[in-house]
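Structure, as structure tokens:
The values are calculated or read from the model by the stated rules, or taken from the named source; none is laboratory data. All of these numbers come straight from a predicted model, not from anything done at the bench. Because the Cβ atoms are built from the backbone with ideal geometry, glycine has one as well, and the counts that use them run over all protein chains shown. Side chains included, ligands, DNA and RNA excluded: accessible areas come from the protein's heavy atoms. Shrake-Rupley method; radii C 1.70, N 1.55, O 1.52, S 1.80 Å.
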Amino acid sequence: MSTDALAGPLVGRDAELAELDAMLGVLAGGVSACVAVEGEPGIGKTSLLSELRHRAEEHGCLVLNGVAAEFE
């Protein structure tokens, strides 16, 4: 099961989503961008990245996904 199926609406992430939307606007202009999402376990990084993926796909961006564990 995908984490998308488990995710509900994002709450309290308006500032972060605004920054990510601005970055997607930059990408639409042909400029490269890099984003780092970091923080303590359980604060919603995966949900935020899932929302970013959806918004990026809506903007026509190619989205690649990967996972790794800290000890790998």
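Take the range 21-63, compute every pairwise Cα distance, and split them into 10 Å bins from 0; I just need the percent in each bin.
26, 52, 20, 2
Using the Karplus curve 6.51 cos²θ - 1.76 cosθ + 1.60 with θ = phi - 60°, work out ³J(HN,Hα) for each residue of the range 55-66 in order, rounded to whole Hz, and write x for Gly and Pro.
Karplus values, whole Hz, x for Gly and Pro: 5, 5, 4, 5, 7, x, 7, 6, 10, 10, 10, x.
Taking a probe of 1.4 angstrom, what is the accessible area of V31 in Å², to the nearest 10?
Here the residue's solvent-accessible area equals roughly 80 Å².
Once both labels are modelled 7 Å past Cα along the beta-carbon direction, what's the A28-L64 spacing in nm?
2.4 nm
If D21, D14 are ordered by their accessible area, calculated over protein heavy atoms with a 1.4 Å probe, which sequence runs from highest to lowest? Mind dumping the intermediate values first?
Numbers: D21 60, D14 125 Å².
Ranking D21, D14 by accessible area, largest first, yields D14, D21.
Quick one: give the max-minus-min coordinate of the C-alpha atoms of the chain along each principal axis, largest first, in Å.
For the chain, the Cα spread along each principal axis is 35, 30, 24 Å.
222 nm [θ] for the chain, helices only, -39500 (n - 2.57) per DSSP H run of 4+, per residue, to 500?
Result for the chain, helices only: -14000 deg cm²/dmol.
In whole Hz, what ³J(HN,Hα) sequence does the range 41-49 give by Karplus (6.51, -1.76, 1.60; θ = phi - 60°), x for Gly and Pro?
x, x, 8, x, 4, 5, 5, 5, 5
For C61, C34, write out the residues from largest to smallest accessible area, computed with a 1.4 angstrom probe and no ligands counted. It would help to have the intermediate numbers written out before the result.
On the way: C61 40, C34 130 Å².
Result, largest first: C34, C61.
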